[in-house]
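Here is the structure we will look at.
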């Protein structure tokens, strides 16, 4: 039931783009994205509630393909401040709690 | 809003001692979650409450772990007796129950058991 995130880790230079994927083997209600910096708590970025929905947060956006049971997080023109571990949390029917993936470690270098 | 509040932020204790972690959820949130995070196992859900009632504690690793939520603004996670393998960061999170609502994490308690 745990969603699968890919890639596990990625290194970018400032200004480059990245895509982080989150896939589920079960039908999803919603997908929540978080970023966690080293030594800090996960911070909520955005929630996607239905298929086809796209959202943005600064230069970070996400999409949710309900049919494919997956979501993608897009980071464009990356900045040093984007470094951290990105988690997706998936929500399933039945009022169950979020299930988090293992995370994608993103490092942005100058 | 002050956000989710946890205490202590750091705890160092000796094996065999009792440890109590505390959490105050965001006012108005009626779901509360306790997580444990380690490098090896990632972010694990230990237990969650809806309206102060424990709903699922299947993630609690052993009987040494217990959690309570005596009222809507306070929860504790207790480990008795503690063991070195319990060393981890413990997060509390809260949310207004419902499909469309965001979940917020507290700053965490870093527990070290020697």
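Out of the residues in the range A:49-66 that are at pLDDT 80 or above and more than 19 Å from residue B:99 (Cβ to Cβ), state the one that is surrounded by the fewest Cβ atoms within 10 Å (Cβ to Cβ).
A:59
Mind checking which residues of the range B:68-95 are within 14 Å of chain A (Cβ to nearest Cβ) and either surrounded by fewer than 16 Cβ atoms within 10 Å (Cβ to Cβ) or free of Cβ contacts under 8 Å to residues at least 60 places away in the same chain (or both)?
B:88, B:89
Taking residue B:39 and the conditions (1) without any contact (Cβ under 8 Å) to a residue 12 or more places away in the chain; (2) more than 12 Å from chain A (Cβ to nearest Cβ), which numbered condition does it fall short on, given that it satisfies the others?
It fails just one condition, (2).
Look at residue B:98 and say whether it is within 23 Å of residue B:13 (Cβ to Cβ), within 12 Å of another protein chain (Cβ to nearest Cβ) and surrounded by fewer than 20 Cβ atoms within 10 Å (Cβ to Cβ).
Taking the combined requirement at face value, the residue does not satisfy it.
Assess whether residue B:47 counts as being more than 11 Å from chain A (Cβ to nearest Cβ) and in contact with a strand residue (DSSP E or B) (Cβ under 8 Å, 6 or more places away or on another chain).
no
Among the numbered criteria (1) surrounded by 15 or more Cβ atoms within 10 Å (Cβ to Cβ); (2) under 15 Å from the mean Cα position of the chain (by Cα); (3) modelled with pLDDT of 95 or more; (4) more than 8 Å from chain A (Cβ to nearest Cβ), which one does residue B:106 miss?
The number of the failed condition is (4).
Going by the conditions given, is residue A:83 more than 10 Å from chain B (Cβ to nearest Cβ) and either within 27 Å of residue B:90 (Cα to Cα) or surrounded by 15 or more Cβ atoms within 10 Å (Cβ to Cβ) (or both)?
Yes, satisfied.
Take residues that are touching a strand residue (DSSP E or B) at 6+ places or on another chain (Cβ under 8 Å) and closer than 19 Å to residue A:96 by Cβ and tell me which of the strands (runs of 3 or more DSSP E) falling wholly in the range A:1-84 contain 1 or more.
Those strands (runs of 3 or more DSSP E) span A:4-6, A:18-23, A:30-36, A:43-48, A:60-65, A:70-75.
The values are calculated or read from the model by the stated rules, or taken from the named source; none is laboratory data. These figures come from a predicted structure and were not determined experimentally. Neighbour counts are summed over all protein chains in view; Cβ atoms, including those assigned to glycine, are modelled from backbone coordinates with ideal geometry.
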